[in-house]
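Q: The structure's right below; bear with me while I get my questions together.
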């Protein structure tokens, strides 16, 4: 019956590629045409098991990068599905800046497929999206990180907390700032309300793009200070080295 209903839906609303809109021959778990699908560069090992950055050489085992050897991270691990370029960049922009939340739901399912392949999701007790400031949330009408996190919550039956982690300060855009400036810009921007809700919990922090990690690190630090047992980070995309892509809030006027 499910196959019949899907077939009827495809006749009435034929599946299209998320990014270019071309008609697809069939509905698939990855809703992209072959050219757009080939434009997704997945992040694979060898990579840093802490911050998730990949290494230039395609051979070798995972190992800590120089930054993680020198600097303690507030999160236990960070991973991203692919690089913030080509197909993923276009899809995220359509979702985030043009309000195409249906694309966001599909991207969330892709994140769920990826997360289930690298982690035991039962190890987490709570999902949290990186929050937007209330002013920016009113302007956009939705939090892109929350849309992605809902897909993960649905797939793995994990509780989703949208209220405890708050963005209290409307920080200026991060675009054009160096790493140290980005860190200073978001310092003190987040707060935890009712810390008892996260005490002892293992939290998966969700966002759309990992650039320098300044925003995500600040959120993770605040959660750990409030009593979380551990925090891991999952994003859909990661900025290519040397790029100036905005993380959640980093390119927004919040």
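Rundown of residues vs (1) assigned to a helix (DSSP H, G or I); (2) in contact with a strand residue (DSSP E or B) (Cβ under 8 Å, 6 or more places away or on another chain); (3) not assigned by TED's automatic domain parsing to the domain that holds residue 220, yes/no style:
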position	(1), (2), (3)
73	no, no, no
78	no, yes, no
88	yes, yes, no
110	yes, yes, no
115	yes, yes, no
122	yes, no, no
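Q: Restricting the search to the stretch 106-140, which residues are surrounded by fewer than 16 Cβ atoms within 10 Å (Cβ to Cβ) and in contact (Cβ under 8 Å) with a residue 40 or more places away in the chain?
A: 113, 116, 123, 135, 140 - these are the residues of the stretch 106-140 that are surrounded by fewer than 16 Cβ atoms within 10 Å (Cβ to Cβ) and in contact (Cβ under 8 Å) with a residue 40 or more places away in the chain.
Q: Name the single residue, out of those in the stretch 144-192 being in a helix (DSSP H, G or I) and modelled with pLDDT under 95, that is surrounded by the fewest Cβ atoms within 10 Å (Cβ to Cβ).
A: To start, the set of residues in the stretch 144-192 that are in a helix (DSSP H, G or I) comprises 144-156, 179-186.
Narrowing the set further to residues that are modelled with pLDDT under 95 leaves 179-186.
Details: 179: 12, 180: 10, 181: 12, 182: 23, 183: 17, 184: 13, 185: 20, 186: 21.
The extreme case among them is 180.
Q: Further question: Of all residues in the stretch 127-143, which are at pLDDT 95 or above and either assigned to a helix (DSSP H, G or I) or within 21 Å of residue 52 (Cα to Cα) (or both)?
A: Matches in the stretch 127-143: 127, 128, 129, 130.
Q: Hey, another quick one. Looking at (1) within 21 Å of the chain's Cα centre (by Cα); (2) in a loop (DSSP other than H, G, I, E, B), which is the one condition that is false for residue 68?
A: (2)
Quick grid of which residues meet (1) surrounded by fewer than 18 Cβ atoms within 10 Å (Cβ to Cβ); (2) at pLDDT 90 or above:
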{"position": "199", "(1), (2)": "yes, yes"}
{"position": "206", "(1), (2)": "no, yes"}
{"position": "209", "(1), (2)": "no, yes"}
{"position": "214", "(1), (2)": "no, yes"}
{"position": "217", "(1), (2)": "no, yes"}
{"position": "226", "(1), (2)": "no, yes"}
{"position": "232", "(1), (2)": "no, yes"}
{"position": "241", "(1), (2)": "yes, no"}
{"position": "253", "(1), (2)": "yes, no"}
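Q: Can you pull out the residues in the stretch 85-103 that are closer than 23 Å to residue 163 by Cβ and at pLDDT 95 or above?
A: Passing the criteria: only 95.
Q: Which of the residues belonging to the stretch 12-49 are in a helix (DSSP H, G or I) and without any contact (Cβ under 8 Å) to a residue 12 or more places away in the chain? Talk me through it step by step, then tell me what you get.
A: Step one: filter the stretch 12-49 for residues in a helix (DSSP H, G or I), giving 12, 34-37.
Residues satisfying the conditions are 12, 34.
Q: Would you confirm, using the coordinates I've provided, whether residue 221 is in contact with a helix residue (DSSP H, G or I) (Cβ under 7 Å, 6 or more places away or on another chain), in the same structural domain as residue 104 (by TED's automatic domain parsing) and more than 30 Å from residue 106 (Cβ to Cβ)?
A: Working: in contact with a helix residue (DSSP H, G or I) (Cβ under 7 Å, 6 or more places away or on another chain): no; in the same structural domain as residue 104 (by TED's automatic domain parsing): yes; more than 30 Å from residue 106 (Cβ to Cβ): yes.
Criteria not met by residue 221.
Q: Right, another one. Here are some conditions: (1) surrounded by 16 or more Cβ atoms within 10 Å (Cβ to Cβ); (2) at positive phi. Residue 60 meets all but one. Which one does it not meet?
A: (1)
Q: Right, here's the next one. Residues that are closer than 23 Å to residue 158 by Cα and free of Cβ contacts under 8 Å to residues at least 60 places away in the same chain: does the stretch 62-72 have at least one?
A: Kept after step one, since they are closer than 23 Å to residue 158 by Cα, are these residues of the stretch 62-72: none.
For the stretch 62-72, residues closer than 23 Å to residue 158 by Cα and free of Cβ contacts under 8 Å to residues at least 60 places away in the same chain: absent.
The values are calculated or read from the model by the stated rules, or taken from the named source; none is laboratory data. Keep in mind the model is a prediction, meaning the values are calculated, not measured. When we count neighbours, we look across all protein chains shown, and the Cβ atoms used for this are built from the backbone with ideal geometry, even at glycine.
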